[in-house]
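The structure appears below as structure tokens.
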Ligand SMILES: [Zn+2]
């Protein structure tokens with residue numbers, strides 16, 4: 001990787017100062033997190049426990065929702081026992097927003113509305129310190145790869161800030177919701193001339209950039225950019241490969257949701273760590289903790305946002321915590337085998353329920369062995385009923401009848417030979433209401 005530039009140090013200092021003026025001590029939080037990473041396991045465990053206890057005490061004392069109903073019944077004298085707290089659902093977060101705000105209000109609290117993956121709007125309040133911690137957590141993940149705040153980047157996010165704000169952050173911003181060929185071509189040129197240290201964005205947008213890089217600059221030396229951080233959408237193995245091949249970049253996957261912000265990062269050893277100094281993670285089945293290593297629903301408690309403390313929030317994804325620590329030596333727990341929203345179950349012809357992520361990920365992986373990697377720009381598998389499938393394809397160079405047949409055969413091999421599978425070429429794959437892309441969905445009535 002190229003040496004750090006003086007301009008990158010300048011942008012680091014500039015951005016840090018501006019955040020400080022907004023009462024967000026970002027640089028201090030990052031230094032603190034770096035120090036905590038050097039603690040031994042026992043000291044790190046005590047730190048986690050102390051932060052959790054403080055969060056639970058604050059939540060019980062200052063947040064109206066946690067003083068009534070199910071919480072009031074469950075928490076008699078057991079406030080500091082996380083397992084006594086009822087699980088908080090997305091529906092409660094939506095319907096009881098005001099009662100989840102700490103009283104008295106914390107000065108400088110900011111509010112944002114997200115569409116969420118289902119298109120149902122969700123409001124989130126964050127106090128300035130909570131925001132600083134959240135951003136610091138994100139930068140700490142980048143530090144694992146030697147990337148610092150202020151380093152040059154290319155972003156592919158749904159919303160871009162104004163030109164001034166992007167300049168302060170030393171960022172070349174491409175709007176992920178409007179990825180025209182011209183914009184992507186310009187971004188590929190920027191990778192070659194601007195030498196950013198990393199690109200980051202929605203998974204599907206980074207894949208799209210990688211695909212264009214492969215088409216437009218096939219002979220340029222790789223890496224075009226050393227690192228590619230993805231978020232917002234699931235990262236499937238075939239997409240990781242597309243990014244690696246197109247950009248020559250090391251892919252850094254992350255985990256998080258709108259409600260908590262970035263909750264974890266992939267480490268250089270390839271494990272997805274949940275930032276335990278910010279977020280307590282539990283895996284539950286039917287409301288009870290599973291055995292170590294077992295799959296279940298992911299439940300998060302954020303220990304940094306005091307304006308709207310989310311305690312035992314069920315994010316709607318499934319996964320498991322690995323029982324053994326990562327070889328990299330970091331103390332943060334490792335989350336594995338993440339599956340998207342719990343509702344994403346598909347049916348085989350025989351009526352068996354399977355999770356779409358794993359099954360269709362394999363279908364695509366297999367198909368991409370037989371057809372050129374550029375042939376499928378985007379794809380959406382839709383299950384209409386138990387036996388009927390439509391596969392929408394936004395075709396790229398090399399897409400032909402053979403490629404379509406590979407997709408049909410793949411679905412039949414996985415879901416049953418009697419499935420009727422129609423492949424349709426479309427100019428553009430539709431987005432979810434949230435603006436994100438998915439590559440499969442159950443469109444059953
Ligand atoms: Zn690790």
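Rule-based calculations on the coordinates, nothing more; no lab input. What you see is a predicted model, and the numbers here were worked out from it, not measured in a lab. Glycine also receives a Cβ, built like all others from the backbone with ideal geometry; neighbour counts cover every protein chain displayed.
Structure notes:
- Likely footprinting exposure, 279, 243, fewest C-beta neighbours within 10 Å first: 243, 279
- Packing order of peptides 391-401, 151-161, highest average first: 151-161, 391-401 (average count of other Cβ atoms within 10 Å over each peptide's residues).
- Centre-to-centre, using Cα atoms only, the stretch 226-250 and the stretch 48-97 are separated by 38 Å.
- Among 189, 314, a tally of other beta-carbon atoms within 10 Å of each Cβ gives an order, fewest to most, of 189, 314.
- Residue with peak Gaussian network fluctuation, the chain [Cα springs, cutoff 10 Å], from 123, 46, 412: 46
- For the peptides 288-294, 57-63, the ranking by packing is 57-63, 288-294, with the highest mean count of neighbouring Cβ atoms within 10 Å listed first.
- Computed packing ranks the peptides 295-305, 266-276 as 295-305, 266-276, most packed first, by mean other Cβ atoms within 10 Å.
- Mean separation of Cα contacts under 8 Å, 6 or more apart, over the residue count of the chain: relative contact order %: 13 percent
- Efficiency of FRET from Cβ geometry, residue 294 and residue 418, R₀ 22 Å, rounded to 0.05: 0.05
- Alpha-carbon Debye profile of the chain, log10 I(q)/I(0) at 0.10, 0.12 Å⁻¹: -0.77, -1.10
- Springs join every pair of Cα atoms under 10 Å in this Gaussian network model of the chain, and among 281, 426, 87 the largest mean-square fluctuation is at 426.
- Each of 167, 36 was scored by other Cβ atoms within 10 Å of its Cβ. Arranged with the fewest first, they read 167, 36.
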